[in-house]
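Below is one structure, written out as structure tokens; the observations come after it.
The values are calculated or read from the model by the stated rules, or taken from the named source; none is laboratory data. These numbers were taken from a predicted model, which means no experiment stands behind them. Backbone-built Cβ (ideal geometry, glycine too); neighbour counts: all protein chains shown. Just so you know, the surface numbers come from the protein's heavy atoms only, side chains and all, with ligands and any DNA or RNA stripped out. Shrake-Rupley method; radii C 1.70, N 1.55, O 1.52, S 1.80 Å.
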Amino acid sequence: MVNSIVEKTFYIYTYGCQMNVHDSEKMLGTLEEAGYAAAESPDSADLIIFNTCAIRAKAEQKFFSQLGRTKFLKRKNPQIKIAVAGCVAQESKDEIRKRAPYVDFVLGPQNIHHVKNLFHVPKQTLVGENPGISTQEYEMRRQSSSRAWVSIMYGCNNFCSYCIVPYTRGREISRPSSSILSEIRDLRERGYREVTLLGQNVNSYRSDVDFVQLLYEVGRIGLDRVRFVTSHPRDLSPSLIQTMADISSVCEHLHLPLQSGSDRVLERMNRKYTYASYREKVLMIRERIPGVAITTDIIVGFPGERDRDYEATVDAIEEIGFDGMFGFKYSKRKGTKAFGMEDQIPEDIKATRLNRLLRIQEDITLRRNRSLEGSVQEILIEGPSETDHDMLMGRSRTNKIVTIRNDGEQEGAMLSVKIHRARHHSLDGRK
Ligand code: SAH
Ligand code: SF4
Ligand code: F3S
């Protein structure tokens, strides 16, 4: 028998948050380690994987319509295998089986290590809990050679009433600090400049150490930059704020999702903090960490949101003056507590509320960016700008995109640049 010399190939579609982007790096690494090769496009792949997101209806629809188009590839070549991984796989396994019987594998977020077997096994659904997830080691093929994602915990226990994540990713579980630290030491040896510690609620990290202790340990490794996402306002402690101030590699940026400026809505969202307590924390952060950038997430049109609740959010946005904001229209998710709430808000009202909020924030972002004109910022180069190859793009420690003339600096270079012009979504710099 002659072994086939044609390598089997795979293609991964990735939707959703940083956890999914990083999970795709894990699947890619695992498959390459097992001897398979990444295909240039889905048309030529033997295995097509969808790493899906269920956070809002729109994210799910995007996946289902791409899946529908992929059906034709399979019709032309029945040998192709199709796998659905990620949050939709976990949450809607039955719907996937019903709507798309041609899907071969359904793989929840705790089961992605099984990708290496998919070329050999028959149709399968793997969505069970994986008790070993906190010590699961993965081969990884990282997208960047200078900035790396590092998982520190999985799942979420918060059950915000609108959110599907606790159902798709399971209960919170933290990785032992020793394996996190050895992963980061290894990254440093390989020349990485920056790590971002990943978890749905990093402030509740707890293994042999807590998050503050972990951050001190990470700080000792000596990378140039350390970031973390996401922080929950309830769990962000004064000692964490002090730790951010004390450790020089921890960047002056905090993403702190507010969700709403109305205490009544926050309570119905099960967020467990008030706007006043959120504001207190922001004041403390700004006092202890000069130049810090704070960004946030807002949901408009949560069930029962009255005009005056919405106006409270507008006031909050104006009062705090965030460096950036991601705004979303509330999207009903089956299985969550808010799904069954009365007083769902009509789509057109949600859209009007969101558009106005986005416009207000645009001005605030520009104002915050303008305050940086004339300052010198350290930037980490990511590569040529997507829109103009004569320009390079990098990021400041405060996570702002900075563009400079392309003089051939490579990804991973660190430069000091002077900001000469602020734009809505980026800063223009000069060396
Ligand atoms: N764990 C993180 C982020 C979770 S998802 C956190 O707690 O901050 C990212 C954002 O999506 C959330 O902050 C929220 O603003 C938004 N989001 C989550 N569920 C949503 C829903 N059902 N409809 C609209 N936006 C939602
Ligand atoms: Fe969702 Fe809330 Fe958990 Fe964030 S903290 S993932 S919004 S349940
Ligand atoms: Fe989406 Fe799952 Fe992340 S629902 S936002 S991919 S945790």
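The table for this structure:
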item	result
Qualifying residue in the range 161-169 (condition: within 14 Å of ligand 1 (Cβ to nearest atom) and without any contact (Cβ under 8 Å) to a residue 24 or more places away in the chain)	yes
Single unsatisfied condition, residue 376 versus (1) out of contact with any strand residue (DSSP E or B) (no Cβ under 6 Å at 6 or more places or on another chain); (2) touching a residue at least 12 places away in the same chain (Cβ under 8 Å)	(1)
Residue among 286, 271 that alone is farther than 23 Å from residue 375 by Cβ and basic (Lys, Arg)	271
Top-ranked residue of the range 404-428 - restricted to ones that are within 27 Å of the chain's Cα centre (by Cα) and farther than 17 Å from residue 365 by Cα, ranked as surrounded by the most Cβ atoms within 10 Å (Cβ to Cβ)	404
Top-ranked residue in the range 132-160 [being within 16 Å of ligand 1 (Cβ to nearest atom) and under 15 Å from the mean Cα position of the chain (by Cα); ranked as most open to solvent (accessible area, probe 1.4 Å)]	149
Single match in 306, 368, 268 (criterion: among the basic types (Lys, Arg), over 24 Å from the mean Cα position of the chain (by Cα), more than 22 Å from residue 53 (Cβ to Cβ) and more than 16 Å from ligand 2 (Cβ to nearest atom))	306
Filter result (closer than 11 Å to residue 13 by Cβ, surrounded by 21 or more Cβ atoms within 10 Å (Cβ to Cβ) and within 16 Å of ligand 3 (Cβ to nearest atom)) within the range 41-66	49, 50, 51, 52, 53, 63
Test for residue 317: is it of a type outside the set (Gly, Ala, Ser), part of a strand (DSSP E or B) and under 27 Å from the mean Cα position of the chain (by Cα)	no
All positions within the range 120-166 that are away from ligand 3 (no atom under 16 Å from the Cβ) and part of a strand (DSSP E or B)	124, 125, 126, 147, 148, 150
Candidate set: the range 383-403, residues that are touching a Leu at 6+ places or on another chain (Cβ under 8 Å) and closer than 22 Å to residue 291 by Cβ; chosen: the one surrounded by the fewest Cβ atoms within 10 Å (Cβ to Cβ)	401
Search result, residues across the range 15-74 that are of a type in the set (Val, Ile, Thr) and within 27 Å of residue 101 (Cβ to Cβ)	30, 48, 49, 52, 55, 70
